[in-house]
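The values are calculated or read from the model by the stated rules, or taken from the named source; none is laboratory data. Please read these numbers as outputs of a predicted model, since none were measured by experiment. Every residue, glycine as well, gets a Cβ built from its backbone with ideal geometry; the counts of neighbours run over all protein chains shown. What goes into the accessible areas is simple: the full protein's heavy atoms, side chains included, and nothing from ligands, DNA or RNA. Shrake-Rupley method; radii C 1.70, N 1.55, O 1.52, S 1.80 Å.
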Amino acid sequence: DIAAAKVWLGRQTGDFPFADERSKSANLAAMLALYAKHLPGGNSLRPGFLFLGNQPGCGKSLLAKMAISAVNGYAASAKLKRGED
């Protein structure tokens with residue numbers, strides 16, 4: 001049901017400080033982009049997404065994990081050592 005899916009997705013992403021509706025829509029596009037590989041002829045290039053935030057801890061990694069874990073499974077993360085790029 002579309003209405004139930006909108007409510008669920010709103011609960012999952014409701015606390016993120018999106019700048020505007022466009023940012024929220026770009027996050028939804030990132031969540032759907034990986035499903036393109038399962039469509040016929042889905043071996044083509046898929047778009048890449050950048051997650052930007054103005055402060056640490058605003059949820060950039062969590063949004064990225066939400067986008068990739070539905071299709072690829074668990075998304076492990078690692079922090080860089082101080083001074084590494």
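A compact table of results
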| quantity | calculated |
| --- | --- |
| Filtered residues of region 37-52 (kept if over 12 Å from the mean Cα position of the chain (by Cα) and open to solvent by 50 Å² or more (accessible area, probe 1.4 Å)) | Lys37, His38, Leu39, Pro40, Gly41, Asn43, Ser44, Leu45, Arg46, Pro47 |
| Of residues in region 53-77 being open to solvent by less than 80 Å² (accessible area, probe 1.4 Å) and over 12 Å from the mean Cα position of the chain (by Cα), the one modelled with the lowest pLDDT | Gly73 |
| In region 37-71, the residues that are closer than 26 Å to Pro17 by Cβ and either in contact (Cβ under 8 Å) with a residue 60 or more places away in the chain or not hydrophobic (A, V, I, L, M, F, W, C) (or both) | Pro47, Gly48, Gly53, Asn54, Gln55, Pro56, Gly57, Gly59, Lys60, Ser61, Lys65, Ser69 |
| Qualifying residues in region 1-36 (those that are hydroxyl-bearing (Ser, Thr, Tyr) and touching a residue at least 12 places away in the same chain (Cβ under 8 Å)) - the one most open to solvent (accessible area, probe 1.4 Å) | Tyr35 |
| So Tyr74, is it among the aromatic types (Phe, Trp, Tyr) and free of Cβ contacts under 8 Å to residues at least 24 places away in the same chain | yes |
| One residue from Leu28, Leu50, Leu45 being assigned to a loop (DSSP other than H, G, I, E, B) and modelled with pLDDT of 85 or more | Leu50 |
